[in-house]
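**Q** Quick one: the structure is below, questions incoming.
FYI, it's all coordinate maths here, none of it is from the lab. These numbers come from a predicted model, not from an experiment. Here the Cβ positions follow ideal geometry from the backbone for every residue, glycine too, while neighbour counts run over all protein chains shown.
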Amino acid sequence: MKKLFFSVLLCLCIPMAWAADATAPKHKLDIGRGGECVKDPQWMRKNHMHLLKHERDDAVRKGLRTEKHSLKNCIECHASTKDDSVIAREDSFCVSCHSYEAVKIDCFECHSGTRKSAWLQRNAK
Amino acid sequence: MSDIDLTRRNFLKTSAGAAAVAIAPGMMLFQVAHGESEGASSKVRWGMLIDTTQCKEGCNDCVTACNKENGLSGETKTTDSQWIRKIEIKDVSSGRELSLPMMCQHCEHPPCVDVCPTNASMKRADGIVLVDKHRCIGCRYCMMACPYKARSFVHEPLSDQNPDVPRGKGTVESCTLCVHRIDQGLKPACSEACANKAILFGDLNDANSEIAQKLRTVASTQVRAELGLNTGVRYQGL
Amino acid sequence: MSSHPPMYFKNHLYWVLLAAGGAVALAGLYAVHMMEHYGHIISGMNNQIVWGIPHVFAIFLIVAASGVLNVASIGSVFGKAVYKARAPLASLLSIAMLAGGLTVLMLDLGRPDRIIVAATNFNFTSVFAWNVVLYSGMFSLVIVYLWTMMERRMNPFNKAAGLAVFVWRFVLTTGTGLIFAFLVARQAYGSALLPPMFIVLSFAWGLAVFHVAQTVIYNWNEKTLDPAILNRKKNLLGVFVLGSLYMVATYHFANMYFAHQQAFELFILRDGGMYTNLFWWGYVLLGNVLPLALIFMPGMGRTRCVMAASLLVVLGAFALLYVFIIGGQAFPLNIFPGYEVSSSFGDGQIATYTPSLYEFLLGFGGLAIAFIITTVSVRVLNFMPQDKPYISD
């Protein structure tokens, strides 16, 4: 009885594995305006979180705000040209990779994912 | 002989190169961190002097300006954040009435910083008391400890925050003295919005600043001075 | 059916109890999930009442967890055989309640997902941070203490471990009291009397919980507790209840004497509506007078009376904590002494608080965790007190 139950369970897993396979390679990414102001993309892919983490402590606790390593400026260039956001869609700059890698992004619980210039325009009244 | 010399020279060259490679990124980070911005300095102590005689009852301009600047909803349900609020007070014995704004007093010895288990509540070198929301776990002990009820807890998920003012569900927040404006050389929004110029902002440590000069000439009080917290926000005419 | 239920019935009952406990714990987890998703807006807590029902449950569990060890200490440190036989059960209850209480406390955080931050960033001036060390230290110490009792080869270290636990639990309850004692700005708290008050309260609450657990275990195993032992323990409970009542009375009496505290005391003791009722009817009458009568009145003091008294003490504990924690926050903070104040942020007004179902689910979830740990451990290990023929020592 138990054996049967487990084999049924296992069978159920097979289509799931197929499904995962099918979706994986289609990995679309909207890099917004893009550009290379900090380091090359390969380096950034691997290390951006360390920069963000180090700089956030400096910015909040010591008031050391840098142009180059500011999250706001990352968003300024990398927000989509369509909706001014790095998180609004499936293929938005931050979301796309993070969902592919299954890593939760904590930044945008508090930080705005919208380009500041666009936000200012919208809230100018 | 020459063989050995050559290898030695090569060895020195490569090791110097290797050392340079090893140090360079660190140096670069150092330059980036210290070259572009000096950060908060302990030579400065930001503060405010609030002239209650100039503060009009019923006027809410400072509150509205704060809400707009920091992206607060402006609603006043018990679960909504209020960084600055107008308090109407009436002396029980004399009947004298006053209206004044109340917000984080940016204490020199802030109880919220003492009680915070994770150092999320912290005082910047220039005297601004902040919540580092990267560390706040939302225990609300600072809200219990604050003698001014200056802090609010974010009860709901937020979206579309001001890019300069990150705020989010499950963390505690309060008046930042508009730290994002101060770091750009601007005044806090409430101070700028007050038509009667009742909120004077400046550096308490700079003897030549307007605020320091005024504090020398007029009588001012700290709210709950008996607690000995040495607040950065002072009141005149209280 | 004979007077003793058959074995298979008890087996069934065990699984049913365990399932019930599991269901309540799951309901608690569901509440946590909802609070995580929607935020604390779905709780009754707000910017005036920042700590609510979950904190009442958590602090009860933590204080009782420390107090229940009293039974063990009297055995190990002061060498009373009757208590020594009960030390393993007391330690187990302590671990179970500590686990339940800490779970509630942790899951009520605004960002429980960041609990690792609390472990890696340490503010040494924060009594909360000290408590992180005190609670986890207590947990490990009690486990070691249990080990020295249950493993024969470790027995020689029992006395030392017992002493360590004894000292640690005093410091721990002091730490719990200090959470409130350090709140200098609030009328209800900021008193050096609170740590000793919490210690004496912990004695009463811990012993009450112990009595309940012991009575149930004896009944389950169809044993009767030696009346002489019962008598000693019920008298001890009575003394502890009296002691805690004395501490609470002193705290309020001292406050009454200070002119600037009178408004607050009148609120709690006379005008507070719900809080006043809970204090007098819930804590004083149900939590103290009635249990004392059940223990000391002539003709009372049998197993059933002691069980009822213990349950009432626990009930009174919840009433007191509700008044202390929530009533203490409901009374407006006095920012401008001598002035009448009003604002949009509840200045000068009694704060309102209506606890939501989710808060209760979380609180009962904590109780359920303590219940499950106790039930499973009692079944798989030998925690039944083994009394030698009673000799008065």
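**Q** Using the Cα atoms of chain C to build a convex hull, what is its mean projected area in square nanometres? Write out the running numbers ahead of the final one.
**A** Working: hull surface 87.2 nm².
Dividing the Cα hull surface by four gives the mean projection, 21.8 nm².
**Q** Still on this model: Given points 7 Å out from each Cα along the Cα-Cβ axis, report the A:E36 to B:A195 separation in nanometres with one decimal.
**A** Going from the A:E36 label point to the B:A195 one covers 5.6 nm.
**Q** With point charges of +1 on the Cβ of Lys and Arg and -1 on the Cβ of Asp and Glu, referenced to the Cα centre of the protein assembly as shown, which listed residue (A:I87, B:C142, B:N70) lies farthest in the positive direction of the dipole?
**A** Most positive-ward Cα: B:C142.
**Q** If one puts a single equal scatterer on every Cα of the stretch A:30-122 and applies the Debye formula without solvent, what log₁₀ I(q)/I(0) results at q = 0.12, 0.16, 0.24 Å⁻¹?
**A** Here the Debye-derived log intensity ratios amount to -0.36, -0.66, -1.49.
**Q** Determine the equivalent ellipsoid of the stretch C:128-179 by diagonalising the alpha-carbon gyration tensor, then write out the semi-axes as square roots of 5 times the eigenvalues, largest first, rounded to whole Å. List each step's numbers first, then the result.
**A** On the way: eigenvalues 123, 20, 6 Å².
They are 25, 10, 6 Å, listed largest first.
**Q** Could you sort out which of A:K62/B:K214; A:K28/B:K68; B:K68/B:K149; B:K133/B:K197; A:K46/B:K68 sit more than 27 Å apart by Cα distance in this structure? Write out the running numbers ahead of the final one.
**A** On the way: A:K62/B:K214 29 Å; A:K28/B:K68 37 Å; B:K68/B:K149 21 Å; B:K133/B:K197 32 Å; A:K46/B:K68 38 Å.
Over 27 Å Cα-Cα: A:K62/B:K214; A:K28/B:K68; B:K133/B:K197; A:K46/B:K68.
**Q** Select from the stretch C:19-80 those chymotrypsin sites (Phe, Trp or Tyr not before Pro) which occupy a DSSP coil region and have at most 14 other Cβ atoms within 10 Å, ordered by residue number. If you can, show how the numbers build up before the last one.
**A** Details: sites: C:Y30, C:Y38, C:W51, C:F57, C:F60, C:F78; in loops: C:W51, C:F78.
Hits after loop and neighbour filter: C:F78.
**Q** Give me the angle, in degrees from 0 to 90, between the Cα long axis of helix C:87-107 and the longest principal axis of the Cα atoms of chain C, rounded to the nearest 10.
**A** Taking Cα atoms only, the helix is inclined about 30 degrees.
**Q** Indicate the gyration tensor shape class of the stretch C:24-69 (rounded, prolate or oblate), computed on the Cα atoms with a ≥ b ≥ c the square roots of the eigenvalues: a/c under 1.5 is rounded; otherwise a/b larger than b/c is prolate and the rest oblate.
**A** Values: a/c = 4.07, a/b = 1.52, b/c = 2.69.
Taking the square roots of the gyration eigenvalues as a ≥ b ≥ c, the stretch C:24-69 is oblate.
**Q** Ok, one more. Looking at the square roots a ≥ b ≥ c of the eigenvalues of the Cα gyration tensor of the stretch B:46-236, which shape do they give, rounded for a/c under 1.5, prolate if a/b is larger than b/c, or oblate? List each step's numbers first, then the result.
**A** On the way: a/c = 1.43, a/b = 1.34, b/c = 1.07.
Rounded, because the longest to shortest axis ratio a/c is under 1.5.
**Q** Based only on Cα atoms, what Rg/Rh ratio does the stretch A:59-110 have, Rh being taken as Kirkwood's radius?
**A** Numbers: Rg = 12.5 Å, Rh = 12.2 Å.
Rg/Rh for the stretch A:59-110 comes to 1.03.
**Q** Continuing with the same structure: Mind running the shape call on the protein assembly as shown? Use the C-alpha gyration tensor, a ≥ b ≥ c as the square roots of the eigenvalues: rounded below 1.5 for a/c, prolate if a/b tops b/c, oblate otherwise.
**A** Numbers: a/c = 1.99, a/b = 1.33, b/c = 1.50.
Here the protein assembly as shown falls in the oblate category.
**Q** For the stretch B:92-171, what are the per-bin percents of Cα-Cα distances with bins 5 Å wide, up to the bin holding the maximum?
**A** Over the stretch B:92-171, the share of Cα pairs per 5 Å bin runs 3, 13, 21, 22, 17, 10, 6, 4, 3, 0 percent.
**Q** When all C-alpha to C-alpha distances in the stretch B:183-238 are sorted into bins of 10 Å, what percent of pairs does each bin hold, rounded to whole numbers?
**A** Bin by bin from 0 Å, the calculated values are 21, 50, 28, 2.
**Q** Could you give the angle, 0 to 90 degrees to the nearest 10, between helix C:158-181's Cα long axis and the longest principal axis of the Cα atoms of chain C?
**A** Between helix and principal axis, roughly 20 degrees.
**Q** Oh, and also: Return the calculated 222 nm mean residue ellipticity for the protein assembly as shown, to the nearest 500 deg cm²/dmol, obtained by summing -39500 (n - 2.57) across DSSP H runs with n ≥ 4 and dividing by the residue count. Don't skip to the answer; put the middle values down first.
**A** Details: 27 runs with 385 residues, N = 756.
-16500 deg cm²/dmol, from helical runs alone.
**Q** If you build the convex hull over the alpha carbons only and average its shadow over all orientations, what do you get for the stretch C:1-129? Give it in nm² to one decimal.
**A** Working: hull surface 51.1 nm².
Answer in nm², one decimal: 12.8.
**Q** How large are Rg and Dmax for the stretch C:234-276 when only the alpha carbon atoms are used, in Å?
**A** 13.1, 40
**Q** Across peptide C:108-116, what mean number of C-beta atoms from other chains lies inside 10 Å of a residue's C-beta?
**A** Values: counts 3, 6, 13, 12, 3, 5, 10, 1, 1.
Whole-number average of other-chain Cβ neighbours for C:108-116 is 6.
**Q** Just flag the trypsin sites (Lys or Arg not before Pro) in the stretch B:61-161 sitting in loop per DSSP whose Cβ has no more than 15 other Cβ atoms within 10 Å. Numbers along the way, then the final one.
**A** Details: sites: B:K68, B:K77, B:R85, B:K86, B:K90, B:R96, B:K123, B:R124, B:K133, B:R135, B:R140, B:K149, B:R151; in loops: B:K77, B:R96, B:R124, B:K133, B:R135, B:R140, B:K149, B:R151.
Loop-located and lightly packed - B:K77, B:R96.
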